[in-house]
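Inspection log for the structure reproduced underneath, given as structure tokens.
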Amino acid sequence: MIEAYKALRNPDQRAQYDLLYTGKTGFIFSANVEVDDEKTANADADAHAKILLFLYKRRRENAQDAGVGRYFVQKMLNCSDEHFEFHLWYLKSKSLIEITEQGTLAITIEGVDHVISMSQTIMREKLLIGRVIDT
């Protein structure tokens, strides 16, 4: 599964796959999808991961007072108000973060589980890459 994802992220391999898929199914992929759109989506995913990891660390250090002011999180990302609102909307909709009674941002139990799961996935990928390099 990880190999397939990596192949589809590679523009050359993705184009090859699209051609094969079109040949077998007749489905024609839209040429309107720009590489910049993929970069934007990847940048957003990175921003979400940074926010979650930041809030995760805060929760581990201060379990009873885990909230962080929006200003500090937005400053860490160095993004516009509009982009920051998008990130908050997404993470709140997925129940990964919450707004505390004090108006600060805090990671939820679902968010903690997500960070741990992603950390485990990254560790497994590193181990797999290490095995491939060793052979």
- Sketch the reach of a paramagnetic label on Lys94 as a point 7 Å from Cα along Cα-to-Cβ, and name the residues of region 42-86 whose backbone nitrogen lies under 14 Å away. 42-56, 86
- Note on the structure: Taking Cα atoms only, Rg over Rh for region 45-125 with Rh from the Kirkwood formula is 0.95
- Given a Förster radius of 22 Å and the C-beta distance between Lys39 and Leu19 as r, what FRET efficiency does 1/(1 + (r/R0)^6) yield to the nearest 0.05? 0.45
- Considering only Cα-Cα distances, which of the following residue pairs are longer than 26 Å: Lys57/Lys92; Lys57/Lys126; Lys57/Lys94? none
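Bear in mind these aren't lab numbers, they're just calculated from the coordinates by the rules spelled out. Just so it is clear, the model here is predicted, and its values are computed rather than measured. When we count neighbours, we look across all protein chains shown, and the Cβ atoms used for this are built from the backbone with ideal geometry, even at glycine.
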